[in-house]
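Okay, structure first, notes after.
The values are calculated or read from the model by the stated rules, or taken from the named source; none is laboratory data. Not measured: the values here are computed from a predicted model. Don't worry about glycine lacking a Cβ; one is built from the backbone with ideal geometry, like all the others, and counts go over all protein chains shown. To get the accessible areas, we keep the full protein, side chains included, count just its heavy atoms, and leave off ligands, DNA and RNA. Shrake-Rupley method; radii C 1.70, N 1.55, O 1.52, S 1.80 Å.
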2 protein chains.
Amino acid sequence: MATATRGAAPPVQERLLAAASRLFAERGFALTSVQEIVERAGVTKGAMYHYYASKDDLLQQIYTRLLDVQSARLEAIAGAGLPVRERLRAAAADVVVSTLENLDDAMVSWRSMHMLPQERLAQVRLERRRYHERFRALIEQGQDQGVLRTDVSADLATHQFFGGVHHLGSWYHADGELTPASIGETFADLLLRGLDPSG
Amino acid sequence: MATATRGAAPPVQERLLAAASRLFAERGFALTSVQEIVERAGVTKGAMYHYYASKDDLLQQIYTRLLDVQSARLEAIAGAGLPVRERLRAAAADVVVSTLENLDDAMVSWRSMHMLPQERLAQVRLERRRYHERFRALIEQGQDQGVLRTDVSADLATHQFFGGVHHLGSWYHADGELTPASIGETFADLLLRGLDPSG
DNA sequence: GCCACCATACCGACTGGTAGGTATGTCGGC
DNA sequence: GCCGACATACCTACCAGTCGGTATGGTGGC
């Protein structure tokens, strides 16, 4: 249970997670067998079930890993001492970048999350809800300060924006011309402009 | 193959499609058995395999059915004799409405499409690409006419917007306060404002 | 400095159940 | 009496999870 991963964490767990993330992203959770995962990771099923409770567990770990990263980054940006519009812009651009930097995890998260059993799904939904609300609060703050238009629901705008983010995996190719940073800036700009108070 | 559905189409095919769409939307493609589908439709597997080649076939039909509806509506709106900004606004609002009117199909489409085998997936992707391009052309037209800003890629804006649309199924509830029409108007407004030329 | 003891890390054959698909039969209409 | 529209029984492949086992390295007693 409480495996002491002190010092340098042995790579087997991470190799398993990486393999699972890759395969889940490519073929989907249900069409990927545990056998394929362990073969890609260069171990056997015994090793996988030594570190993870189930196939579902792998999926949840992938999701949590991504969300932890993104939550921390959002928290850092949202808490900075900048005007709220700049914080929103930075947060919006950053979530695009971090999504593209962890695209396998991200694709798994939005495509296969619903395959988790009830309890695990509830946990995961709670974490995602918190993230959503943290972002939405930024918009609401801007609305309260009068620097963002108030005739659009902050909740709706947040949903719309994250929809665009979650959709990244279905068209982005790392070998294309667009860089994660440039996509992030464009997305953030579209959001900010959409929320500009009418002049 | 070429089943003659002359006259009034018997309802069995449709009942099967409806049952499949519902169950795929609820539990996902992989976690839904053919047995469950036919039970919900009130028939047996013999009937299903009489009308559909495979479980995959059902999935593809669901996708095609939705996209056909949306393509026709987009074509009608895009071809109307209105200023391009109004056509874009109407098209954007309408795709939200039609998505929410066919939410089961829509959820299946964006959650389970990747489970199709190569060939079917290629077909489906082609159809979706055409739809995407038709919408994008509206934005490009507005840019050419100088009524939409040109410093944002029409392709990126289209991806971002459709992301928001595809994401609808993960938060929308029919019993909430928001109506499909109001959501559509808000989404369209955010898109149009985001693409407004800077004044 | 050696050995008994044990925990951790991993291996891989096996199984029970499930689910997609098929082969064959039946029945009613034209 | 044929053909489309189903029903029923069955086959087979696959797969998550299990379980007994092995290897390795640390530890403490002497």
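Assorted remarks:
- Hits in segment B:183-199 (condition: under 19 Å from the mean Cα position of the chain (by Cα), surrounded by fewer than 20 Cβ atoms within 10 Å (Cβ to Cβ) and at the interface with chain A (Cβ under 9 Å from one of its Cβ atoms)): none
- Residue match in segment B:116-126 (condition: within 14 Å of another protein chain (Cβ to nearest Cβ), in contact with a helix residue (DSSP H, G or I) (Cβ under 7 Å, 6 or more places away or on another chain), open to solvent by 50 Å² or more (accessible area, probe 1.4 Å) and within 16 Å of DNA strand D (Cβ to nearest atom)): yes
Residues checked against (1) within 16 Å of DNA strand D (Cβ to nearest atom); (2) touching a helix residue (DSSP H, G or I) at 6+ places or on another chain (Cβ under 6 Å):
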residue: B:Thr32; (1), (2): yes, yes
residue: B:Arg40; (1), (2): yes, yes
residue: B:Gln70; (1), (2): no, yes
residue: B:Leu82; (1), (2): no, no
residue: B:Ala90; (1), (2): no, yes
residue: B:Ala106; (1), (2): no, yes
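- Condition met for A:Glu36 (acidic (Asp, Glu) and not assigned by TED's automatic domain parsing to the domain that holds A:Ile183): yes
- Scanning segment A:89-102 for residues that are open to solvent by less than 40 Å² (accessible area, probe 1.4 Å) and within 14 Å of another protein chain (Cβ to nearest Cβ) returns A:Ala92, A:Ala93, A:Val95, A:Val96, A:Thr99, A:Leu100.
- Residue ID - nearest to the other protein chains (Cβ to nearest Cβ), chosen from residues in segment B:142-156 that are more than 21 Å from B:Leu82 (Cα to Cα) and assigned to a helix (DSSP H, G or I): B:Leu156
- Output for segment B:103-115, where each listed residue is within 12 Å of another protein chain (Cβ to nearest Cβ) and open to solvent by 20 Å² or more (accessible area, probe 1.4 Å): B:Met107, B:Trp110, B:Arg111, B:Met113, B:His114
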